[in-house]
1. Which one of C:233, B:214, B:306 has its Cα pushed farthest toward the positive end of the charge dipole of the protein assembly as shown, where Lys and Arg give +1 and Asp and Glu give -1 at the Cβ?
2. Amide H neighbours of residue B:82 under 5 Å, counting only residues 5+ apart in sequence or on other chains, H built in-plane at 1.01 Å?
3. What is the dipole size for the stretch A:401-467, taken about its Cα centre, with +1 at each Lys and Arg Cβ and -1 at each Asp and Glu Cβ, in debye to the nearest 20?
4. Just the accessible area per residue of chain A, please: how many Å² with a 1.4 Å probe?
5. From the phi of every residue in the stretch C:13-28, what ³J(HN,Hα) in whole Hz does the Karplus formula 6.51 cos²θ - 1.76 cosθ + 1.60 yield, where θ is phi - 60° and glycine or proline is x?
6. Pairs to check: A:456/A:506; A:328/A:483; A:61/C:11. Give those whose C-alpha atoms are more than 22 Å from each other in this structure.
7. Can you list the residues, at least 5 places off or on another chain, whose amide H is less than 5 Å from the amide H of residue A:280, using H built in the peptide plane?
8. Report, in deg cm²/dmol and to the nearest 500, the calculated mean residue ellipticity at 222 nm for chain A, where each DSSP H run with n ≥ 4 adds -39500 (n - 2.57) and the sum is divided by the residue count.
Amino acid sequence: MLEVTDLNIEIEDSLIPETVVYDFDITISPGEIVGIVGESGSGKSMSALAIAGLLSRKDMKKKGSIMFEDVELLSVERSHLRKIQGNDISVVFQEPMTSLNPVKKIGWQVEEALRIHSSLSDEELRNAAISMLRDVEISEPEAAYDKYPHELSGGMRQRVMIAAALICDPKLLIADEPTTALDVTIQAQIIELLKKINREKGTAILFISHDLSLVRTLCSRVIVMNKGRVVESGPVDEIFDSPKEEYTKHLIEAIPRFTKIAGRFDTKDAKPILKVENVSARYKKITGYFVPGSRGRQVVKDVSFDMYEGEILGLVGESGCGKTTLGKTILGMLDDTEGSVVHYSKMPQMIFQDPYGSLNPTKTIGRILEEPLRIKGGYSKEARYEKAKDMLSRVGLDESYLSRRPSALSGGQRQRVCIALALIMDPKLIVADEPVSALDVTVQDQVIKLLIKLNKELGIAILFISHDLKVVYELCSRIIVMKDGKIVEQGTDEEVFSNPKDPYTKQLLSSAGYGI
Amino acid sequence: MKTILKKAASFIMTVLLVTLFVFIAFDLIPGDAATNRLGINATPEALERLREEMGLTKPFFVRYFSWLASFFFGDMGISYSYGVSVRSMLASKLPITVTLTVMSFIMIVILSIPIGLYTSKYEDRAASKAVDILGQITMSIPPFFLGILITYVFGMIFKVFTPGGFVSYDINFGKFLGYLVFPSIAIALPKAAMSTKLLKSSILSERKLDYVRTAYSRGNSTMDVLYKHVLKNAIIPVITFLGMTLADIVAGSLVIEQVFSIPGYGRLLISSIANRDYPVVQAIIAIIAMIVIIINTLVDTTYKVLDPRLRGS
Amino acid sequence: MMRAFVFRFKKNPELYIGILITVFVIVLILAGILFSPYDPDEMDAGAKFAGVSSSHIMGCDNFGRDLFTRLTSGAATTLLVALGTIAIGVGVGTVIGAFTGYYGGAVDEVLMRFNDAVLAFPSILLALVFISIFGSGTWKVIISLGIVFVPSFARIVRSEFMRCKNLDYVRSARLMGAKDLRIMFVHILPNTLTVLMPSTVIGFNNAVLAEASMSFLGIGVQPPQSSLGRMLSDAQAFLFMSPAYAVCTGCTIALIVLGFSLLGDGLKKNA
């Protein structure tokens, strides 16, 4: 059905024309699900967009061939290509919020492809859209029809995207990281939905993802890409069980899975470092000072737990469960809180999720690392420099980084700098808020190993906040599960993973594929 | 309902603040109304009596609210220079300034929207590039200079109109409109160029967003993407700009009235400032500020119609 | 090297053309002030409305004053007034915006309401209010216009501070024990420059236009000091006899505005 051979993509809109995809090949037969995996910058999305005919013909030079049925998509007339787009080939994108038009109603957007490719009446369009919305398991399709994208949740929006993509019953659905922006339980539902569509309608799917375990559960064949080139391709099991190429092996090894990396930690004789008792927190509500407003929504509800010196404690939950707010409350960053937080150590520090936002873009790395010493005072210029250099080497970066600015660093390097910054105050406790979730899987693996090393060498306790159960399993001996601002379960890893009591914990574990 | 109340509350708040500001500003001017009426040679006793009579000795807020109340009921005081009521002076000039403003605004809209659409549709054509450059130059010409150029070229060389030959609306309405065409052009051209540029850049930046890619993936043509998806999003900042422009035209017309010798609010304001005729100045400024606040409120409401994200919640 | 420049130029022609025009204007002004053999106010009855010649490169005005010399000194006045205005506007606006944006609270609420109210006035109108209170004259114009420009800069800086104060790098500075003033001026302020710089250039342009309009109306800079707006208003009276007078003056204003607006656009694109 689809046959791509020797596809090369070159971006011309820059100083030196840059090739981003080299000699890409793929074939997809009707009803097949094929995956493309790779880290950021691997060219996987670029190739997919080229197949969908969505790369600008002006700035992107393409060579090779993309045959869809009997049509050469690279050279076909625009008007002919449009007849295929949305009708035979349709696309679901990563970010459902920005990929839907914010000022148009859901129904209008779901019907759109059908309106373009057929001459149905408004009534027929509406019926088709509503039955499509029902097919993607939207609970009240008639009500959703008249809503706007911002009125739906992330998972619902992605279902709407899928409904809109499937309305013309396409032969090929290209799904570009369709679950990356979603929570794990929703992620699992969307994957199930894609499987169902493939089974019932026979739609072929090209699934692009950085998440190897998702690709494994969904696809029958997979293509591994790195730096614009296809590294390896073949049946999923073959690639995963006996990868031939070095890069593939490396990539598969880096996937977090339910295996322990950190050593065990015994709380029996450990000294406490943090005691959290009956803590609640609210968001500050933004209302006028002259308008009497209610207090903000309660995000953390009556939470209590202890933490010990040298421990890595995992705090897991989905987005909006209050885990980040709890972390901030512990460090005294919020105003409207209740309960008591007792620190048995000075100066706990925090590592943030987004390594792009946590370093001041106008300052050099050296200046950033020296800042806490300047604030504290009492260090000579040389002492500050030495200390900054020393911290960088601890996180595996050399002296030359001191004079660079954050924009010149990769995500992983920035996160290392953030860790160095947290370490420079010699804290005994670090709150790490999703420190690896914005990173590529191989970089993620390196940063996790770095955290474990620092924990072991310096005896720093880490409160590890994450949505990713696998990463938490790798690192933590004790785990706290949060939902809707409350702790639903806490205990040792054995208690939580092998013998979960709360139904929500069970649901989380099965969505993450524990025990499968 | 709640949002309407909130809107109304903030509207009233702004009106109060703006009028308070105008009132304070003129309260600070050395020499009060009594001195102005009696002249500097008046005896202190006479001044004191008049002050008492005019209510000038009352507390500040009492004076403010009584001024505000009489302002809204149309009593704007007596002109120092002409000794007639400010209201009668302003009423006869209102149609002139309003006509000039409305004419310029219509010109801006009918020029900028089609041209902006054209240049963003055919970005690469030579005509679009020429329009861009011409626009950049046009928006750099101050309106009063443009007015002078128009006077010279159309008034003195081609003699399409008579410079200084303003005809009032109550004498010959057709000629009145005819005379205002050229001043309107002088006000409108630079603003139209800005609005065109804004519409174009808004469309171009909107086109880079994800939802546009989605629209193409459904099989939309470039035109359909522009008219069915992009335009409604891209027009929002242009509406803001046009709202601000309307306020700006009112101010810009002050200068243009001077260039074309049109006896509207602008000339009256300038001559009143020169003559220190404060009741007139205060009234004109308060009226213009009111108009601006009303326009801003209308623009805010338009947003809500165009952007569902701002509705309710 | 050449290719790299051509590429950079193609990416942002506004910036380079803007720089070129601005530098050209400034060089001309300096040349007029430093090297012109005439005094800008020196009258010469014999040279009334003299045409373009080798001794008067742009001709003369109604009093026989050398037009080029007068234009350059007028432009210098206009630019200095604009510079003073912007210095007041950006300086005071930044401090107000920084404190209100960082602390928020009731003071912020009141100040911003007031700010919105002031912004509701077209800037010329507001300047007229101040002029009618203070009276006219160069310094008074600078102060009046300066006050008028404060609210818009306060608003820009405030919204940047509100955006930045919740960013992780600011939070982490706070965790390290940095004091509020240090966070505001060492950590946040440099990050507002990408937004503040182009706004400053565009504000400068508006100040040039505002000064020119006010002087044109006769309530700005007072004679004998020349300014471009004032000269244009003089030139209008002699439009029929000497159109070159008005055209040269007007084009000077337009050229200054064009240069700075391109520069502002270019900076915005670069940010």
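The values are calculated or read from the model by the stated rules, or taken from the named source; none is laboratory data. The structure presented is a predicted model; accordingly, all values stated were derived computationally and were not measured. All Cβ positions, glycine included, derive from the backbone under ideal geometry; neighbour counts span all protein chains shown. What goes into the accessible areas is simple: the full protein's heavy atoms, side chains included, and nothing from ligands, DNA or RNA. Shrake-Rupley method; radii C 1.70, N 1.55, O 1.52, S 1.80 Å.
1. Value computed over the given set: C:233.
2. none
3. About 240 debye.
4. Here the residues of chain A average 42 Å² of exposed surface.
5. Values per residue, Gly and Pro as x: x, 3, 4, 6, 5, x, 4, 4, 5, 4, 4, 4, 4, 5, 4, 4 Hz.
6. Over 22 Å apart, Cα to Cα: A:456/A:506.
7. Close amide H contacts, sequence-distant or interchain: A:302, A:303, A:338, A:339.
8. Using -39500 (n - 2.57) per qualifying helix, the result is -10500 deg cm²/dmol.
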